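S.K.: Here it is, the structure, as structure tokens.
The values are calculated or read from the model by the stated rules, or taken from the named source; none is laboratory data. Quantities reported herein were computed from a predicted structural model and do not represent experimental measurements. Heads up, the Cβs are rebuilt from the backbone with ideal geometry, glycines too, and the neighbour counts pull from every protein chain shown.
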Amino acid sequence: MQDAVHVKRLHGWARWLQQASAAILRVERVALMLLMGALTLTILLNVVTRYSGVPIYWVDEAAVYLVVWLCFVGASAMTRLRLDFAVTLLTDYLGERMARRVKALATAGVLIFGLAMLAMCWLWMDPLGIARYGFDAREYAAESFNFLYTERTQTLNWPTWLVQLILPLFALGFSTHAAANLVEDLGLQPRATIAGFDLGSAEETVN
């Protein structure tokens, strides 16, 4: 009876991870469309203004940051869609059961990487540390030598931390997707059907 309750709770957590991953993936899908649209408009604006002889100096930097955000959001979504590249030189020669175990082990490695990156971002951005200084960026930088919150971008003059916020967001989404993939690879939950992405046979081609 106790084992049954434990298994039920475990499956409940696995289902919750799938739902959390699905929610993040929906947000990422919208973000990808917005970022791609903004990047297209930015490039067109750059072409038009340069051709007309009145280039806007901050457009190049904006395009670079849009590409960076687009790459990180896309990489996170690709993890859940299982479109990340895999080397199958070993698993091709293993039995089906052992191949599943090796795949689960590889997914666990991806999850560990995501969690390590999340921990690194927490230490780097140090939200509790700057909160102790009343969010006074200069006083915090003087004591901690962490100048993240005092630096600004070159042409846009945006706070650097705002642009680099994509790193903890990526780490959070990436880790959640990896955890959802892992519970499916371990057989705790059936593999979820992902809507909104026209994948076709892409997964079979990549993985």
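S.K.: Tell me the residue from Leu44, Leu66 that is assigned to a helix (DSSP H, G or I), over 19 Å from the mean Cα position of the chain (by Cα) and hydrophobic (A, V, I, L, M, F, W, C), please.
M.R.: Just one listed residue meets the conditions, Leu44.
S.K.: Something else: So Pro55 passes all but one of these: (1) part of a helix (DSSP H, G or I); (2) of a type outside the set (D, E, K, R); (3) surrounded by 12 or more Cβ atoms within 10 Å (Cβ to Cβ). Which condition number does it fail?
M.R.: With respect to (1) part of a helix (DSSP H, G or I); (2) of a type outside the set (D, E, K, R); (3) surrounded by 12 or more Cβ atoms within 10 Å (Cβ to Cβ), Pro55 is out only on (1).
S.K.: What are the pairs, 6+ residues apart or on separate chains, where a residue within the range 44-62 that is farther than 18 Å from Asn157 by Cβ has its Cβ under 7 Å from a residue that is of a type in the set (D, E, K, R) and at pLDDT 85 or above?
M.R.: Listed pairs, sorted by first residue: Asn46/Asp60.
S.K.: Looking at Asp185, Asp92, Asp126, can you tell me which residue is of a type in the set (Asp, Glu), out of contact with any helix residue (DSSP H, G or I) (no Cβ under 6 Å at 6 or more places or on another chain) and surrounded by 13 or more Cβ atoms within 10 Å (Cβ to Cβ)?
M.R.: Numbers: Asp185 fails: out of contact with any helix residue (DSSP H, G or I) (no Cβ under 6 Å at 6 or more places or on another chain); Asp92 fails: surrounded by 13 or more Cβ atoms within 10 Å (Cβ to Cβ).
Result: Asp126 is the single residue among Asp185, Asp92, Asp126 that is of a type in the set (Asp, Glu), out of contact with any helix residue (DSSP H, G or I) (no Cβ under 6 Å at 6 or more places or on another chain) and surrounded by 13 or more Cβ atoms within 10 Å (Cβ to Cβ).
S.K.: Can you work out which of the residues in the range 1-28 that are loosely packed, with under 14 Cβ neighbours inside 10 Å and polar (S, T, N, Q) is modelled with the highest pLDDT?
M.R.: Going through the qualifying residues, I end up with Gln19.
S.K.: Which of (1) surrounded by 15 or more Cβ atoms within 10 Å (Cβ to Cβ); (2) under 23 Å from Leu118 (Cβ atoms) does Leu45 not meet, given it meets every other one?
M.R.: Among (1) surrounded by 15 or more Cβ atoms within 10 Å (Cβ to Cβ); (2) under 23 Å from Leu118 (Cβ atoms), Leu45 violates only (2).
S.K.: Could you tell me whether any residue of the range 190-200 is at pLDDT below 95, crowded, with 16+ Cβ neighbours inside 10 Å and charged (D, E, K, R)?
M.R.: No, every residue in the range 190-200 fails to be at pLDDT below 95, crowded, with 16+ Cβ neighbours inside 10 Å and charged (D, E, K, R).
S.K.: Shifting gears a bit: Within the bounds of the range 104-122, is there any residue that is loosely packed, with under 15 Cβ neighbours inside 10 Å, of a type in the set (Ser, Thr, Tyr) and farther than 30 Å from Ile43 by Cβ?
M.R.: No, there is no match, as no residue in the range 104-122 is loosely packed, with under 15 Cβ neighbours inside 10 Å, of a type in the set (Ser, Thr, Tyr) and farther than 30 Å from Ile43 by Cβ.
S.K.: Show the residue pairs that are 6+ apart or on different chains and have beta-carbon atoms under 8 Å apart, the first residue being within the range 103-119 and within 13 Å of Ala180 (Cα to Cα), the second being part of a helix (DSSP H, G or I) and among the small types (Gly, Ala, Ser).
M.R.: Cβ pairs passing all conditions: Thr107/Ala178; Val110/Ala178; Leu111/Ser175; Leu111/Ala178; Leu111/Ala179; Gly114/Ala171; Gly114/Ser175; Gly114/Ala178.
Residue-wise test of (1) surrounded by 19 or more Cβ atoms within 10 Å (Cβ to Cβ); (2) within 23 Å of Gly114 (Cα to Cα); (3) over 19 Å from the mean Cα position of the chain (by Cα).
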{"site": "Phe135", "(1), (2), (3)": "no, no, yes"}
{"site": "Trp161", "(1), (2), (3)": "no, yes, no"}
{"site": "Leu167", "(1), (2), (3)": "no, yes, no"}
{"site": "Leu172", "(1), (2), (3)": "no, yes, no"}
{"site": "Ser175", "(1), (2), (3)": "yes, yes, no"}
{"site": "Asn181", "(1), (2), (3)": "yes, yes, no"}
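S.K.: Any idea which of Ala31, Ala77, Ala86 is of a type in the set (Gly, Ala, Ser), surrounded by 18 or more Cβ atoms within 10 Å (Cβ to Cβ), under 23 Å from Ala106 (Cβ atoms) and touching a residue at least 24 places away in the same chain (Cβ under 8 Å)?
M.R.: Only one candidate passes the filter, namely Ala77.
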